[in-house]
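K.L.:
Here it is, the structure, as structure tokens.
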Amino acid sequence: MTSVMWFRRDLRLEDNTALYHAFEDSDEVVLLFQVNPQQFLKDSTNHQAFFASVAHFQLSVNKQLHLQILYGDLAESFNKLKKTLKDWDRIYFNYDERGFGAERDHKMRAFFKENKIIVHDYLDHHLHGAKEIRNQSGDSYKVFTPYYNQWKQLSKPTPIKVNLKAEKVLKDPLFPEDEEKFAELCEALPDEPLYKLGTSAAKEQLEHFILEDVMDYTKARDIPAQDRTSRLSPYLRTGELSIRTVWQKLQETEDSEGKRTFEKELCWRDFYNMIYAANPKQKQQPIQANFQFVQWNDDADSLKKWQQGQTGYPIVDAAMRQLNQTGWMHNRLRMIVASFLTKDLLIDWRKGEKYFQKSLIDYDPASNIGGWQWAASTGTDAVPYFRIFNPTIQSERFDPSGEFIRKYVPELKNLPDKLIHQPEKMSDEQQSDYGVFLGEDYPAPMVNHKEARRKALSAYEGSREFAKEAPGFDKD
């Protein structure tokens with residue numbers, strides 16, 4: 001009988017739970033990736049990066065085995081597969097616990113049951129599943145610290161050695177026309193990927209981080225000019241790297257504050273996965289219902305200036321330009337630009353989340369939505385609404401010499417350190433001396449931070465008061 005191994009966001013042949021079981025249990029294995037062209041937006045850096053990884057994975061697999069491609073509508077694709085594979089009776093995949101992936105898996109389980117195909121699905125994307133860690137009431141945690149205290153006490157899964165048996169793999173293409181369609185789709189991808197693709201590159205990056213950066217991670221991770229974060233997020237998002245492999249390599253290092261800090265970051269990844277699974281509508285609805293009545297500023301021009309890095313706040317502009325040019329943004333900067341959009345510009349956090357979804361090479365719905373709701377003070381265990389980042393202070397603290405700003409806002413490169421964080425303080429003479437004229441070469445600040453802060457506090461407090469009086473409103 002024939003088994004199908006359905007790859008999704010687990011693009012690797014090693015340390016892959018479903019793949020391990022498929023080879024152990026089966027006489028014949030069909031390696032498969034299903035492509036729905038409706039999910040590919042050509043102007044989305046997120047989609048470009050993901051499908052570039054799929055194409056790289058296909059080339060890698062096809063050197064010794066063969067990755068079958070199904071192209072088109074999901075249900076129609078698997079119906080076609082069922083008609084072609086007469087002996088197909090089992091399917092293996094690593095399941096999703098939240099968002100689109102969970103909805104897809106729910107629908108497809110019904111399809112497989114109807115077609116008498118036995119489902120073997122596994123937790124593979126996280127160290128601990130969304131329902132694995134519960135509070136004393138048996139519910140999902142809403143606060144990170146008690147979740148972390150339980151999380152760190154639990155043993156972690158170890159890497160799995162997959163016994164790849166080439167003789168078991170169906171190597172003849174089942175649907176050559178689908179492979180041709182996928183190749184045509186890939187022609188729309190940039191010639192040069194935005195990061196090094198594949199499991200080998202992922203393991204090299206992991207090795208570099210463990211050897212060079214993890215010891216100093218606690219302090220160095222906040223300095224964008226140093227580029228000392230792990231840079232593993234694109235690989236974890238595609239599954240080119242296993243989270244178990246990351247954990248194992250981390251445990252091989254000596255104890256340090258940096259190691260413990262990075263472990264906590266991995267816990268945040270599990271925490272946000274749990275939160276999204278428990279709050280499936282959180283992409284559109286604030287978790288803290290008291291803040292669903294915030295009167296957001298519906299200003300398309302202000303949103304565009306933020307997106308393009310033309311706000312007049314150098315650290316915000318440098319961060320947004322880094323995102324637009326590279327598809328990635330330093331984590332400290334993600335917090336700064338999210339706070340600026342939601343608190344200084346009072347623009348709906350959902351618009352920022354949507355732009356990040358389009359622009360990030362490491363877009364993960366649970367972490368991204370969780371991060372935006374955190375910054376907007378609408379999420380679980382979020383920053384208090386009255387804590388509003390001052391972008392100038394953040395700039396002076398985390399890019400004191402302006403090195404990062406100069407890299408991404410080159411029009412300010414000649415300014416001295418004391419002016420690069422607030423170029424609006426230049427006199428007319430200084431503007432002439434440094435060759436930067438406000439309003440021409442670089443914009444003046446689009447808002448006054450103190451005034452914007454006052455308006456934000458009023459908007460959030462207004463939402464809380466309205467919620468108290470709203471008839472029939474559920475405050476919980």
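No lab work stands behind these numbers, since they all come straight from the coordinates. Computed from a predicted structure; not experimentally measured. Glycine also receives a Cβ, built like all others from the backbone with ideal geometry; neighbour counts cover every protein chain displayed.
K.L.:
So, with +1 on the Cβ of K and R and -1 on the Cβ of D and E, and no other charges, what is the size of the charge dipole of the chain about its Cα centre, to the nearest 20 debye?
P.N.:
The dipole of the chain has a size of about 1080 debye.
K.L.:
At 0.36 nm per residue, and after removing the present C-alpha to C-alpha distance, how many nm does the segment from Lys131 to Ala102 gain when stretched out fully?
P.N.:
9.1 nm
K.L.:
For a Förster distance of 30 Å, can you work out the FRET efficiency between the beta-carbons of Phe111 and Leu194, rounded to the nearest 0.05?
P.N.:
Approximately 0.30, to the nearest 0.05.
K.L.:
Report relative contact order for segment 297-432 in percent, whole number only (criteria: Cα-Cα under 8 Å, sequence separation at least 6).
P.N.:
Normalised by residue count, the contact order of segment 297-432 is 24 percent.
K.L.:
Let me ask you something else. May I ask you to compute the full-extension gain from Asp227 to Lys413, defined as 0.36 nm times their residue separation minus their alpha-carbon distance, rounded to one decimal in nm?
P.N.:
Difference between extended and current length: 65.0 nm.
K.L.:
Right, next: Within straight cross-link reach of Lys425, meaning Cα distance under 24 Å, which lysines are found once same-chain residues fewer than 8 apart are removed?
P.N.:
Hits, sequence-local ones excluded: Lys305, Lys343, Lys407, Lys413, Lys450, Lys455.
K.L.:
Let me ask something additional. What area, in nm² and to one decimal, does the C-alpha convex hull of the chain cast on average over all directions?
P.N.:
24.8
K.L.:
Let me ask something else about it. Between segment 136-175 and segment 192-244, what is the separation of their alpha carbon centroids in Å?
P.N.:
One Cα centre to the other: 20 Å.
K.L.:
Using the Cα centre of segment 109-241 as the reference point, and only Cβ charges (+1 on K/R, -1 on D/E), how large is the resulting charge dipole? Debye, rounded to the nearest 20.
P.N.:
With only Lys, Arg, Asp and Glu charged at Cβ, the dipole is about 1040 debye.
K.L.:
Here's a follow-up. Can you figure out the FRET efficiency of Lys171 with Leu211, using R₀ = 51 Å and their beta-carbon distance, to the nearest 0.05?
P.N.:
Calculated transfer efficiency: 0.85.
K.L.:
Still on this structure, please answer the following. Considering only C-alpha atoms, what is the centroid distance from segment 65-100 to segment 245-315, in Å?
P.N.:
32
K.L.:
Here's a follow-up. Please give the contour-minus-distance gain from Gln39 to Lys304: 0.36 nm per residue of separation, less the Cα-Cα distance, rounded to one decimal in nm.
P.N.:
My answer for the length gained is 93.0 nm.
K.L.:
Let me ask something else about it. Based on DSSP H runs of at least 4 residues, each adding -39500 (n - 2.57), what is the mean residue ellipticity at 222 nm of the chain after dividing by all its residues, to the nearest 500 deg cm²/dmol?
P.N.:
Mean residue ellipticity, 222 nm, calculated: -14000 deg cm²/dmol.
K.L.:
Would you mind computing, in nm to one decimal, how far apart the modelled labels at Ala470 and Ser256 are, each placed 7 Å from Cα along Cα→Cβ?
P.N.:
Taking the simple label geometry, Ala470 and Ser256 are separated by 4.8 nm.
K.L.:
Now for a different question. Evaluate the distance, in nm, between pseudo-label points positioned 7 Å from the Cα of Ser458 and of Met1 along their respective Cα→Cβ axes.
P.N.:
6.9
K.L.:
Also, quick follow-up: Which pairs break 26 Å Cα to Cα here: Lys107/Lys156; Lys80/Lys168; Lys156/Lys351?
P.N.:
Listed pairs above 26 Å: Lys107/Lys156; Lys156/Lys351.
K.L.:
Using a basic spin-label model with each label point 7 Å from the Cα along Cα→Cβ, how many nm lie between Thr158 and Gln284?
P.N.:
If labels sit at Thr158 and Gln284, their model points lie 4.6 nm apart.
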